[in-house]
Amino acid sequence: MTLSHHLLLLGVLSLWHCSADSADPLGVFCNKDAKIGSQKQSAYIDGLSVQLALKASTNGFVAISYGSGQDFVHGLAQCRGDVSKEGCSTCIQDAAKQIRTRCPNEADSRIWFEYCFLRYSDKDFIGKVDTGFGILYRNGDNVTTETERFNEELGKLMEKIRSQAVEPQNAGLGKGQTKLSPFVTLYALVQCTRDLSPLSCAQCLSIAVGNFPNFCDNRKGCRVLYSSCYTRYELYPFFFPLGSAQRFSNTQMMMVYP
Ligand SMILES: *[C@@H]1O[C@H](CO)[C@@H](O)[C@H](O)[C@H]1NC(C)=O
């Protein structure tokens, strides 16, 4: 995928707090080419959403198929791996509610929050890598000193946590930090959806991190959200357990359509 697919760059600078609640999603994708075909399918999607919300908080992940006969819908919900059970439950319930309001007529819908992701479709997507639709956020501010070293350390940290993420016992999650100076620490987290094989996870993360030198070149922070994986780095702690420093940042966002 190349950056020429970018359709939309929202240059709006917004304040984003690192402990933001889950009221507003980071992004929503309602696939206009997959309209809900029948009352029955609509009812299955409702039923599926309830099941996703019920089951995801137990261990932070659920993938299920719901329906009967030939009319199955498939769904997946997952929380960021560092989020508490309560935080996960709240986020997924909110996601299940909002996705139906935001994509009322689509049978293929996805919603991203900072703490969770929820998706359903009339096609079986479980276990398949999807980097077609992407949401990118970057800090409006640049790293201005020792950029070469910053990029080198960022590369090393990403490599380290990507190799964590593909180890089966880590359930798709990798996170870590690197001290750049006595006062500056780089934090990063990557996560694949847990239905992916290690190979598919590695593939998704590689594509996600591939956006860093382009959209996020030298930026103080960057997030890439796909349907199959999440990557983020910041110069402040953003994953749990949170350190004391909470910062505001200028955030710019872009959506990439397949
Ligand atoms: C950061 O760098 C980019 C690319 O050089 C530039 O367009 C942007 O204005 C810079 N941001 C700030 C806040 O200086």
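The values are calculated or read from the model by the stated rules, or taken from the named source; none is laboratory data. This one's a predicted model, so the numbers in the text were calculated from it and none came from an experiment. We place every Cβ from the backbone using ideal geometry, glycine too, and count neighbours over all the protein chains shown. Side chains included, ligands, DNA and RNA excluded: accessible areas come from the protein's heavy atoms. Shrake-Rupley method; radii C 1.70, N 1.55, O 1.52, S 1.80 Å.
Taken over segment 161-189, the criterion of being more than 12 Å from residue 234 (Cα to Cα) and in contact with a Lys or Arg (Cβ under 7 Å, 6 or more places away or on another chain) is satisfied by 161, 171, 172, 174. The set of residues from segment 46-91 being open to solvent by 40 Å² or more (accessible area, probe 1.4 Å) and part of a helix (DSSP H, G or I) comprises 46, 50, 51, 54, 55, 58, 59, 85, 86, 90.
On inspection, residue 95 passes the criterion of being under 23 Å from residue 255 (Cβ atoms), among the small types (Gly, Ala, Ser) and either outside any helix (DSSP H, G or I) or at pLDDT 95 or above (or both). Number of residues in segment 128-153 that are more than 16 Å from the ligand (Cβ to nearest atom) and touching a residue at least 24 places away in the same chain (Cβ under 8 Å) equals 10.
Looking at residue 109, is it buried (at least 21 other Cβ atoms within 10 Å of the Cβ), under 26 Å from residue 37 (Cβ atoms) and more than 16 Å from the ligand (Cβ to nearest atom)? Spelling it out, residue 109 is indeed buried (at least 21 other Cβ atoms within 10 Å of the Cβ), under 26 Å from residue 37 (Cβ atoms) and more than 16 Å from the ligand (Cβ to nearest atom).
Under the condition of being at pLDDT 95 or above, among the aromatic types (Phe, Trp, Tyr) and under 19 Å from residue 135 (Cβ atoms), the residues counted in segment 7-63 number 1. Take residue 26 and tell me if it is over 25 Å from residue 236 (Cα atoms) and of a type in the set (A, V, I, L, M, F, W, C). Considered against the rule, which asks whether it is over 25 Å from residue 236 (Cα atoms) and of a type in the set (A, V, I, L, M, F, W, C), residue 26 comes out as no.
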